[in-house]
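Quick notes on the structure that follows.
The values are calculated or read from the model by the stated rules, or taken from the named source; none is laboratory data. Quick caveat: nothing in here was measured; it's all calculated off a predicted structure. Glycine gets a Cβ as well: all are built from the backbone with ideal geometry, and neighbour counts include every protein chain shown. Just so you know, the surface numbers come from the protein's heavy atoms only, side chains and all, with ligands and any DNA or RNA stripped out. Shrake-Rupley method; radii C 1.70, N 1.55, O 1.52, S 1.80 Å.
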Amino acid sequence: MQITTTRILLYLIIAAVACFILWYFSQVIGYILGALIVSLVANPLCRKIDNFKIYKGKSLSSGASALITLLLILVLCAGILAVFVPTLVKEVRTLANLDRARVIKNFERPVQQLESVYNAMPIDNGQSFQQFSEENLKKLADTSLLSDFLSGFFNSASDFIAGFFSVFFIAFFFLKDEALLTKKFYELFPAKQRPRVKKALNDSKHQLSSYFTGLLFQFLSVSTLAGLGMWIMGVDNPLLLAVLFGLLNLVPYVGPLIAGVVAIVITATTNLYLDAYTELLPLILKVIGVYAVVQFIDNWFLSNYIFSKSVEAHPLEIFLAILVGATIGGVVGMMVAIPAYAILRILFKELIINFKKSVVVID
């Protein structure tokens, strides 16, 4: 195969146009990728529903199977929202109606200890520690906090709902017309290359489906363990803290730390009227203890099982892939790094190594 300068320029122009299209239609492409992930996770369940016999050996249609599968996922998502939204609104209302005088009196001893530290710091703002703490507590408990939170929440919720149903609408057709879409995709390639493309696509699909199904299993397992631990320890809002930990735990490395900090904040703000040393501090230590135990179980058993079975990569490869993903795309890059790396490995193996060596001539 000869590659001329003109051909190289043509490839560069095509790449530039493709990058522009990806940037301009990034939101639509995001919906498509989200739908692809949903379909990969839902595919095993959908195929089992396909084989379910309803009457005289007859099976459900592909459309009915896809619809039932997505409805089950929607029920799960609705259950998560039902846990989060009322509790978050309650938290904001609690802060908005906070009795600042009572809280300050309740934290009198730790405040005195913090005051000595504050006075020793090189801060010259003309305020005593009491004035400083009261001012910031007043800002935290400002009644406008509730209205601002609800306003921002509902503004974001409208965009989220539109994107959410767009993703599920596209995922419905990915599940319903899977064979047809796959066939159309194969037709984009020359006949000689289709067997390799088919094998690469099937391997990628299997590995991604295993990976995202594993993540779902990890979320359910971690949430269940954390919820049981919180309930046994008598912590308030055990279901909220469990779901929160399960979701943030999916973010590699930093997710569990963020979950722990948020859980401590929620526990503290919910129980500000408890005695700081004899009641509140032991409660916070219980939350930390439960999270630490669940994180240990996840790191040594669940995560290792998921990565070894789905990605089949060395832990060092996983770490480097996540590091590269974080450098490129931050938290989102970290979350997509592992499946992206798995696909690249398959493509490299099937579509590059297996190609015959070509003679490259540049004019």
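Conditions (1) at pLDDT below 75; (2) within 30 Å of Gly63 (Cβ to Cβ); (3) aliphatic (A, V, I, L, M), marked per residue:
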site	(1), (2), (3)
Phe153	yes, no, no
Asp159	yes, yes, no
Phe168	no, yes, no
Phe172	no, yes, no
Asp177	no, yes, no
Lys184	no, yes, no
Lys192	no, no, no
Lys198	no, yes, no
Asn202	no, yes, no
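In this structure, is Asp236 among the charged types (D, E, K, R), surrounded by fewer than 20 Cβ atoms within 10 Å (Cβ to Cβ) and part of a helix (DSSP H, G or I)?
Working: among the charged types (D, E, K, R): yes; surrounded by fewer than 20 Cβ atoms within 10 Å (Cβ to Cβ): yes; part of a helix (DSSP H, G or I): no.
So Asp236 fails the test.
All of Ile13, Ile32, Ile37 fail the test of being over 18 Å from Gly163 (Cα atoms) and out of contact with any Ser or Thr (no Cβ under 8 Å at 6 or more places or on another chain), apart from Ile13.
I'm checking my understanding of the structure. Among residues of the range 48-86 that are touching a residue at least 24 places away in the same chain (Cβ under 8 Å) and of a type outside the set (A, V, I, L, M, F, W, C), which one is most open to solvent (accessible area, probe 1.4 Å)? That would be Ser62.
One residue stands out among those in the range 213-230 that are touching a residue at least 60 places away in the same chain (Cβ under 8 Å) and open to solvent by 20 Å² or more (accessible area, probe 1.4 Å): the one that is farthest from Ile338 (Cα to Cα), which is Leu225.
Yes/no matrix, rows are residues, columns are (1) outside any helix (DSSP H, G or I); (2) β-branched (Val, Ile, Thr); (3) at pLDDT 80 or above:
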position	(1), (2), (3)
Leu274	yes, no, no
Val294	no, yes, yes
Gly333	no, no, no
Ile362	yes, yes, no
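Within this structure, Ile8 fails the test of being open to solvent by 70 Å² or more (accessible area, probe 1.4 Å) and more than 26 Å from Leu208 (Cα to Cα).
Among the residues of the range 156-212, which ones are without any contact (Cβ under 8 Å) to a residue 60 or more places away in the chain and among the small types (Gly, Ala, Ser)? Matches in the range 156-212: Ser156, Ala157, Ser158, Ala162, Ala179, Ala191. Only a single criterion out of (1) at pLDDT below 80; (2) open to solvent by less than 80 Å² (accessible area, probe 1.4 Å) is not satisfied by Ser39, namely (1).
Note on the range 87-105: residues that are within 30 Å of Phe164 (Cβ to Cβ), of a type in the set (A, V, I, L, M, F, W, C) and either modelled with pLDDT of 70 or more or loosely packed, with under 12 Cβ neighbours inside 10 Å (or both) amount to 2. In the range 185-227, which residue that is in contact with a Phe, Trp or Tyr (Cβ under 6 Å, 6 or more places away or on another chain) and among the aliphatic types (A, V, I, L, M) is farthest from Met335 (Cα to Cα)? Among those residues, the one meeting the criterion is Val197. Residues to consider are Leu208, Leu244; find the one that is at pLDDT below 80, aliphatic (A, V, I, L, M) and either in a loop (DSSP other than H, G, I, E, B) or crowded, with 21+ Cβ neighbours inside 10 Å (or both). From the options Leu208, Leu244, the qualifying one is Leu208.
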